[in-house]
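The values are calculated or read from the model by the stated rules, or taken from the named source; none is laboratory data. As the structure is a prediction and not an experimental result, all values here were calculated from the model. Note that each Cβ is placed from the backbone with ideal geometry, even for glycine, and that neighbours are counted across all protein chains shown.
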Amino acid sequence: MKVFGIIPARYASSRLPGKPLRLICGKPMVLRVYERALKAQCWNQLVVATDDQRIKEVIENAGGIALITSRDHSSGTDRIAEACDLLKLDDNDLVVNIQGDEPLLPYKSIKALVHTFKTGINASMGTLAYKATDYEEFNNANVVKVVTDRDGNALYFSRAPIPHTRETSTDGISFLKHLGFYIYPVRFLKVFTQLPQGHLENLEKLEQLRALENGYKIKVIISEVDSYGVDTEDDLARVEKIILERG
């Protein structure tokens, strides 16, 4: 069993044009993601899957590996599936979907996610979540929340504040903030991309609900650190500020 990290990087973005190439402290975001993912040190190969030659050149000029994939994919998962075909991966290989807009990705948590699946687990795929307490994030529809059963399997993902509490106090809020990283065997990725979009998936615009709607288990591993996605100019500024503060 081999482990592959694949970073889908689409050039177009409605809210942040050319997002993968936007500079963060002078370095393209996609390169920051690639270099930080390397720190997990659990890969047989780490690859960027993109639809743009400029992104490919940024990665290759830094000594990395990048593949050109179709511009017609509607999701990063579909782009990763094409990359798996191009790389001719075995059905038993593990693939980690590393979001290309997470320049502060928790590489130690990703390594733990990989270790959990390599040792064997009763789930079709896995993901990360962070125990958060920020009330504004809890009520922010752009922050996805997840609730799990006692074994750590996802029951539901939502943009709504879940679990709902009847108490009105903002004190003591605790919830699982979903971090958008996934792991799955290649064989399940092939199954997943052939499943029709589900009703809940279309309502929430959350692709992972397709797996739950079709009865597949998603194991949720708790990350010790948070991650910050970049979708807007404000997100870009926040991440740059964090990087500067961390030196």
Legend entry - Test set (1) among the hydrophobic types (A, V, I, L, M, F, W, C); (2) over 16 Å from the mean Cα position of the chain (by Cα); (3) assigned to a loop (DSSP other than H, G, I, E, B); (4) closer than 28 Å to Arg22 by Cα - Leu89 fails condition number: (4)
Inset, instruction - Please specify each residue of segment 16-70 satisfying the condition of being more than 20 Å from the chain's Cα centre (by Cα), at positive phi and small (Gly, Ala, Ser). - result: Gly26, Gly63
Inset, instruction - Can you confirm whether segment 197-207 contains a residue that is in contact (Cβ under 8 Å) with a residue 60 or more places away in the chain, surrounded by 15 or more Cβ atoms within 10 Å (Cβ to Cβ) and over 17 Å from Glu137 (Cβ atoms)? - result: yes
Inset, instruction - Give me the pairs, please: first residue somewhere in segment 12-27 and in a loop (DSSP other than H, G, I, E, B), second residue anywhere and of a type in the set (Lys, Arg) and crowded, with 16+ Cβ neighbours inside 10 Å, beta-carbon distance under 8 Å, and either six or more positions apart or on two chains. - result: Ser13/Lys19; Leu16/Arg22
Inset, instruction - For residues that are outside any helix (DSSP H, G or I) and either of a type outside the set (Val, Ile, Thr) or surrounded by 14 or more Cβ atoms within 10 Å (Cβ to Cβ) (or both), tally how many sit in segment 97-132. - result: 23
Inset, instruction - Restrict the check to segment 233-240 and report whether at least one residue is part of a helix (DSSP H, G or I), in contact with a Cys (Cβ under 7 Å, 6 or more places away or on another chain) and exposed (fewer than 12 other Cβ atoms within 10 Å of the Cβ). - result: no
Inset, instruction - Mind listing whichever residues of segment 146-203 are among the hydroxyl-bearing types (Ser, Thr, Tyr) and in a strand (DSSP E or B)? - result: Thr148, Tyr156, Ser158, Tyr182, Tyr184
Inset, instruction - Considering every residue within segment 78-96, establish whether at least one is modelled with pLDDT of 95 or more, touching a Gly at 6+ places or on another chain (Cβ under 6 Å) and closer than 14 Å to Gly5 by Cα. - result: yes
Inset, instruction - Determine whether Val143 is over 30 Å from Leu89 (Cα atoms), in contact with a strand residue (DSSP E or B) (Cβ under 7 Å, 6 or more places away or on another chain) and part of a loop (DSSP other than H, G, I, E, B). - result: yes
Inset, instruction - Return the residue satisfying two criteria in turn: it lies in segment 1-11 and is assigned to a strand (DSSP E or B) and of a type outside the set (Phe, Trp, Tyr), and of such residues it is farthest from the chain's Cα centre (by Cα). - result: Val3
